[in-house]
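Asker: Just passing along the structure, written as C-alpha cells.
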Amino acid sequence: MIAIDVGGTTIKGALVDAAGVVRATEIAPTPRPGAERTVLEVASRLAAAAPGVGTNPVAVGIVSPGIVDPGGVVRIAVNLDWRDLPLAQLAEDALGLPAVVTHDVRGAGVGELRCGAGIGVRDLAVVQLGTGIASALVVHGELVVGAGSAAGEVGHLPVIPGGERCACGQEGCVEAYASGGAIARRYAARTGRPATAEQIVGLLGGDADADAVWAEAITALGRGVLSIVALLDPALVVLGGGVAAAGDALLEPLRGSITGTLTWRECPPIVVSPLGAEAGRLGAAVLAFERAGIPVDAASWRRA
Ligand SMILES: [Zn+2]
C-alpha cells in the first residue's frame, strides 16, 4: 500500500504492508506551486521500489491539508495553492491503482481509531496541535465529515472575546493562541526573542514570558476541548501534532483548566497520541487498504 502525507513543507510517503510494516519511504520538499506533481512522483517512486522489497501495492492513500471532499477532490488548500484539485483521480490516472484522499487531521483520526489510542473507542475526539489546530471527531464509530467537508475545525472556535486576530479573520480563535506558530509568535512579540514552541516549553518554570504565553495557550485550548466535550461527550480525547510532544507540561495544566471549569460532569480522559507524527500516514494506509477492499487488522500494527 502506498501511503502519502502531504504537508506544507514536506511530502512523506511510505510503502506499508498488510502487517503495518513500512517497507520503503520517500520524502520530498513541498514545492509551491506544483505540489501535486511531487505527490505523484513520490507515489511513482514508491511503486517502482515495491518489487525490490517484495511487496505489491494495490491502492494509494493520501492525506492532505485543506478541505477535502469525500470524492477525493481538494476543494481548497491555501498553503499548497490547491483549489478544486481532483487529487484522487490524478493519482489513479498516474499509477493505475485505486486512490483515496482525505483531510490530514481526519486521516490522523483514522490512524488513532484503527491503530492508536482510539482502538475500540466509539466516541472519540482527536485534536491535532501543529502549525494549525483541527480535530477529527468520531461519533458512534464514524468520522464526522460535515455538509461541506469542514467539520472539526476546533482551531477556529472564538474563545477569547476581543482576542487576537486569527489568520481566518475572526478574533480570539483557539488557533491564534495555542498552535505551535501562535505560541512562537506570541512569545517573540512579548520578548523580542525568536523561539520555537518546543524551545518555549523547555523554558517553562524559569521564564515568566514563556509561562504566560503557555498559560494563555492552555486557557484557549481548554475552552476548545471543553466545547467538544460539551457537544459530543467523547469517551476519550487524544492530542496529537508537534505541540502535543510537550507531554505532561501540556496535559496536566490542560486537565486542570478543563476540570476547573466543568461543574456539571467529569472530564473524559485526555491523552497524548502514541502514534506521533505517524498518525496521518498510518490512517492513509488503513484507508488505502479499505479502498482496495482488503481487510486489515490495523490494531496489531502497534506492535509492528
Ligand atoms: Zn480562526
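Asker: Quick check on the chain: helices-only [θ] at 222 nm, where DSSP H runs of length 4 and up contribute -39,500 (n - 2.57) each and the sum goes over total residues. Nearest 500, please. Each step should come with its number before you reach the end.
Answerer: Details: 9 runs with 111 residues, N = 304.
One gets -11500 deg cm²/dmol as the mean residue ellipticity at 222 nm.
Asker: Further question: Please report, in Å, the Rg and the Dmax of region 94-210, where both are computed over Cα atoms only.
Answerer: Reported Rg and Dmax, both Å: 17.4, 56.
Asker: Next question. Hey, in the GNM for the chain with a 10 angstrom Cα cutoff, which one of L203, L275, L40 fluctuates hardest?
Answerer: Checking each option, the largest mean-square fluctuation is seen for L203.
Asker: Then there is this: If R₀ is 25 angstrom, what is the calculated FRET efficiency for the pair L232 and L204, using the beta carbon separation as r and rounding to 0.05?
Answerer: Numbers: r = 30 Å, r/R0 = 1.22.
Once rounded, the FRET efficiency stands at 0.25.
Asker: For helix 279-291, report the angle its Cα long axis makes with the longest principal axis of the Cα atoms of the chain; keep it between 0 and 90° and round to the nearest 10°.
Answerer: Helix 279-291 sits at roughly 40 degrees to that axis.
Asker: Next up: Where the convex hull is taken over the Cα atoms of region 35-181, what is its projected area averaged over directions, in nm²?
Answerer: On the way: hull surface 41.1 nm².
Here the figure is 10.3 nm², rounded to one decimal.
Asker: Something else about it: Running a GNM on the chain with Cα contacts under 10 Å, which residue among A235, A284, A176 ends up with the highest mean-square fluctuation?
Answerer: Result for the chain, Cα springs under 10 Å: A235 fluctuates most.
Asker: For region 1-97, what ratio Rg/Rh do Cα atoms give with a Kirkwood hydrodynamic radius? Mind showing how you got there, number by number?
Answerer: On the way: Rg = 12.9 Å, Rh = 13.4 Å.
In region 1-97, Rg relative to Rh is 0.96.
Asker: May I pose another question? Given 10 °C and 1.306 mPa s, compute D for region 55-102 with the Stokes-Einstein relation, Rh being the Kirkwood radius over Cα pairs; round to the nearest whole µm²/s.
Answerer: In µm²/s, the coefficient is 147.
Asker: In degrees from 0 to 90, rounded to the nearest 10, what is the angle of the helix 180-191 Cα long axis to the longest principal axis of the chain?
Answerer: 40
Asker: Once fully extended, how much extra length lies between R45 and N79, figured as 0.36 nm per residue of separation less the alpha-carbon to alpha-carbon distance?
Answerer: Details: separation 34, 0.36 × 34 = 12.24 nm, distance 2.42 nm.
Result for the pair: 9.8 nm of gain on full extension.
Asker: One-quarter of the Cα convex hull surface for the chain, in nm²?
Answerer: On the way: hull surface 62.9 nm².
Orientation-averaged projected area of the Cα hull: 15.7 nm².
Asker: Taking the inverse of the average 1/r across all pairs of different Cα atoms in region 65-148, what Kirkwood radius in Å do you get?
Answerer: Numbers: mean 1/r = 0.0729 Å⁻¹.
13.7 Å is the Kirkwood radius here.
Asker: Viscosity 1.567 mPa s, temperature 4 °C: Stokes-Einstein D of region 129-186 from its Kirkwood Cα radius, in µm² per second?
Answerer: Here the translational diffusion coefficient equals 108 µm²/s.
Asker: Taking DSSP loops as anything outside H, G, I, E and B, show the longest stretch in the chain free of trypsin sites (Lys or Arg not before Pro) there with at most 14 other beta carbons within 10 Å.
Answerer: Values: sites that count: R122, R265.
In short, 123-264.
Asker: To check my understanding: the extent here is largest minus smallest coordinate of the Cα atoms along each principal axis. What are those three numbers for region 120-273, in Å, largest first?
Answerer: Principal axes ranked by extent give 47, 31, 27 Å for the Cα atoms.
Just so you know, all these numbers are worked out from the coordinates, no wet-lab data involved. All of these numbers come straight from a predicted model, not from anything done at the bench. Counting neighbours? That spans all protein chains shown, and the Cβs are built from the backbone with ideal geometry, glycine included.
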